[in-house]
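Here is the structure we will look at.
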Amino acid sequence: MKKILLIEDETNQRILCTETLEKEGYQVIAASNGEDGLNLLKNNDVNLVIVDIRMPKMSGLETLANILGQRKNLPVIIYTSYPQYKTDFMSWAADAYIIKSSTGLSELVAKVKELIGA
């Protein structure tokens, strides 16, 4: 079973993403901030990371830089409500940038399947 690390500070969004991805057959481990996410990454073999941008303690872009420092080839999806960060150079290092919206969750699932399979 493929394992996904979800780093999302909003509780309801974290639960919704987790349940949706688990229904698709993925194992999901979740963190509410970048620091906790990086600790989970060190202690778990994950196939993909989904990260929000605006979070307490460490932004998603800082978290992304740390992830790529640890595991350069690990696929990362930025999943955020803030489209303006898409032009930030650091966000270009992610494999996908998806805006949270009414269709965002289905886009997220499709991108996960594209990057790591079902």
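Assorted remarks:
- Scanning segment 63-92 for residues that are within 13 Å of the chain's Cα centre (by Cα) and over 19 Å from Ala31 (Cα atoms) returns a single hit, Ser91.
- Answer residue from segment 93-111, given it is under 16 Å from Glu8 (Cβ atoms) and of a type in the set (Val, Ile, Thr) and is surrounded by the most Cβ atoms within 10 Å (Cβ to Cβ) among those: Ile98
- Condition check for Ile50: closer than 25 Å to Glu24 by Cβ, outside any helix (DSSP H, G or I) and touching a Gly at 6+ places or on another chain (Cβ under 7 Å): no
- The set of residues in segment 1-34 being part of a helix (DSSP H, G or I), touching a residue at least 24 places away in the same chain (Cβ under 8 Å) and either surrounded by fewer than 18 Cβ atoms within 10 Å (Cβ to Cβ) or at positive phi (or both) consists of Gln13, Leu16, Thr20.
- Test: residue in segment 13-33 that is under 20 Å from Ser101 (Cβ atoms), in contact with a strand residue (DSSP E or B) (Cβ under 6 Å, 6 or more places away or on another chain) and β-branched (Val, Ile, Thr): yes
- Among the candidates Met90, Met58, residue that is surrounded by 15 or more Cβ atoms within 10 Å (Cβ to Cβ) and either assigned to a helix (DSSP H, G or I) or at pLDDT 95 or above (or both): Met90
- Contacts under 9 angstrom Cβ, first residue in segment 39-65 being without any contact (Cβ under 8 Å) to a residue 24 or more places away in the chain, partner surrounded by 13 or more Cβ atoms within 10 Å (Cβ to Cβ), 6 or more apart: Asn39/Ala31
- Leu38 being at pLDDT 95 or above and either crowded, with 16+ Cβ neighbours inside 10 Å or assigned to a strand (DSSP E or B) (or both): yes
The values are calculated or read from the model by the stated rules, or taken from the named source; none is laboratory data. Given the structure is predicted, the values throughout are model-derived calculations rather than measurements. Reconstructed Cβ throughout: ideal geometry from the backbone, glycine too, with neighbour counts over all protein chains shown.
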